[in-house]
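Notes follow once the structure below has been shown.
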Amino acid sequence: MLFGGFPAKSLQRLQLIQNSAARVLTRTKKSDHITPILAQLHWLPVNYTARQAVFVTGAASGGEDCKALI
């Protein structure tokens, strides 16, 4: 398990979908690096988004969950 109960395999699949969507929108080749493309679109990689969701959820619940992440 990784980042808030999401299996790593699920996050990898979501990242592939996000990368494909970014490539379609920007009409870039598969051989081009994806990180600058995601930055150009102002998109965070899936694992950062999952971490942020866990942090925000923990903060909303009084912060007890967030202390475990630090």
_Matching option when the condition is among the aliphatic types (A, V, I, L, M), assigned to a helix (DSSP H, G or I), modelled with pLDDT of 80 or more and loosely packed, with under 14 Cβ neighbours inside 10 Å, among ALA39, ALA53, ALA59_ = ALA39
*Run GLU64 past the list (1) modelled with pLDDT under 90; (2) in contact with a Phe, Trp or Tyr (Cβ under 7 Å, 6 or more places away or on another chain) and report the number of the one that doesn't hold.*
(2)
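The values are calculated or read from the model by the stated rules, or taken from the named source; none is laboratory data. What you see is a predicted model, and the numbers here were worked out from it, not measured in a lab. We place every Cβ from the backbone using ideal geometry, glycine too, and count neighbours over all the protein chains shown.
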